[in-house]
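Each remark here refers to the structure printed beneath this line.
The values are calculated or read from the model by the stated rules, or taken from the named source; none is laboratory data. As the structure is a prediction and not an experimental result, all values here were calculated from the model. Here Cβ is always computed from backbone atoms with ideal geometry, including for glycine, and neighbour counts include all displayed protein chains.
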């Protein structure tokens, strides 16, 4: 029994550490975008390295959590959903890493007048992700509170959509001096940043049904 | 010859183990909370303990209903109950070993011209109704308590589940013990009046004649659990209503309580001391109690997702099972007596003596106590070997997994 208690404790710690990784990844992403827009390349590189480390750690934790749940028959009735949740959260940090790498490889030329818009899109997209983490933690400790926590995720996701739509409108309608290739490139980068909040919404949908199921 | 007569009881025990163990561990195994191997070992050990240590209470009540006083009669009565269980299971009809044996005993009473004790019969029939009702009540109360504790403690889901898992093992052991204590009367109760064996001194415990029979019956139930209950557990798990792991824990605990109170003489006298009417010690159907428990939780949740046909099935079983079993017993006794010329029992006089003694057996003639001694030693040895093998198999599995995981990350680097 002592062995089993240790397994349970380890698994709880691993799940918490996984959430911490995603949470920290979101913060580092925000700082990475800011340093890119400020043209502070050293800081930007440092943030990319940090995100890569967090993403690799999250992958390792994901595999370990899934293995432990299967081998020790933990949460047999909810295992599939918990694995899916961890998978969707992992997609968030994967998107963070790939987006920062797009910036590093493609070095998009963002007009200074759009810096504020890009920061706004990043902020709201990241906020959707950040609000998701407490809801995901609550699923394990107080499932009654999950749905109220998710309201903010949906709010920030819709905010991201609005700001990015407005930014795309400015790029394609108000900035006639930009050529089409540059406009398309900027749109592509916006889509990438937006994908974080889309993934957060996907995870929120899943969490919402998971919470109902566990309360029934 | 003695073992040949006992085969019908042992077959009944085997089918009880195969079917009723699923009531205790079905949800836990079906939902993969506990492996079948672990569940089967726990259930087998505790069912035998319950049968030997606490099996006499319910058996005495069955004896009052009809003291089958010839070995041929005991054999036929148990066989009739076994055939009823088999037939009704085959035709997917609701069945309870308890009701089958009660019907068969009444069949024997009618055939041999014995009076059926109406008071005992009423006592038994009332528990068929009160058993599921009590199961429903206990389950609903326990479920409300568990839900409230879960909501207010903010305990981590994984930790909560580890407690539930430990609870399922402990409660399952208690449930198996109660099943053995209560239902052994169905399997071996009819043989008790017909067998007179010498006491078996095992050093730390002395087994009386009836306890030796209960031990044999317990082993038969355990064999049923080990050999056939796996497929029943897989199927039965969520038949009535889909159960969460904590609901499964509550249902099994409620069932164990109900079976326990209907087989514990200590509990019965405690209730009597408080001025309340004592609980009769009667074998009750574990299946019906568990169905009562599941319905109790279902009703608390607002009666959604409940298959209410199952309630009708229980009521159908109250009539159909004893009648079928009684008819089979009556006609079988006729054949056994008139065609095979085997004594199946006699009318018992008012003072309890047989007017014409039936054929009973004593252990001195057969040395069955010696066989029991060997059996117990063999069982203990087999138990120790199984536990050691299980421990090493589990350790080997974990080591192999750890090695493969290390190899994976090494190759990835």
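For residue B:382, the test of being within 28 Å of the chain's Cα centre (by Cα), at pLDDT 75 or above and within 20 Å of residue B:107 (Cβ to Cβ) is failed. With a requirement of 2 or more residues that are within 14 Å of another protein chain (Cβ to nearest Cβ), the helices (runs of 4 or more DSSP H) lying completely within segment B:84-188 that satisfy it span B:118-153, B:157-188. Restrict the check to segment A:56-64 and report whether at least one residue is closer than 20 Å to residue A:201 by Cβ, touching a residue at least 24 places away in the same chain (Cβ under 8 Å) and more than 14 Å from every other protein chain (Cβ to nearest Cβ). Looking for residues that are closer than 20 Å to residue A:201 by Cβ, touching a residue at least 24 places away in the same chain (Cβ under 8 Å) and more than 14 Å from every other protein chain (Cβ to nearest Cβ), one finds at least one in segment A:56-64, hence yes. Considering only residues in segment B:8-37 that are touching a residue at least 12 places away in the same chain (Cβ under 8 Å) and assigned to a loop (DSSP other than H, G, I, E, B), the one that is nearest to the chain's Cα centre (by Cα) turns out to be B:34.
Restricting attention to segment B:282-314, the residues that are surrounded by fewer than 24 Cβ atoms within 10 Å (Cβ to Cβ), modelled with pLDDT under 80 and under 24 Å from residue B:256 (Cβ atoms) total 8. Of all residues being on the phi < 0 side of the Ramachandran plot and surrounded by fewer than 17 Cβ atoms within 10 Å (Cβ to Cβ) in segment A:36-51, which is nearest to the other protein chains (Cβ to nearest Cβ)? Just the residue, please. Looking at residues that are on the phi < 0 side of the Ramachandran plot and surrounded by fewer than 17 Cβ atoms within 10 Å (Cβ to Cβ), I get A:49. Residues in segment A:73-86 that are closer than 22 Å to residue B:404 by Cα and more than 9 Å from chain B (Cβ to nearest Cβ): 1 in all.
Only one of the numbered conditions (1) touching a helix residue (DSSP H, G or I) at 6+ places or on another chain (Cβ under 8 Å); (2) under 18 Å from residue A:128 (Cα atoms); (3) surrounded by fewer than 18 Cβ atoms within 10 Å (Cβ to Cβ) is not met by residue A:20, and that is (1).
So that you can scan it fast, the table gives a plain yes or no per residue for (1) under 27 Å from residue B:33 (Cβ atoms); (2) in contact with a helix residue (DSSP H, G or I) (Cβ under 7 Å, 6 or more places away or on another chain):
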position	(1), (2)
A:25	no, yes
A:60	no, no
A:65	yes, yes
A:74	yes, yes
A:104	no, yes
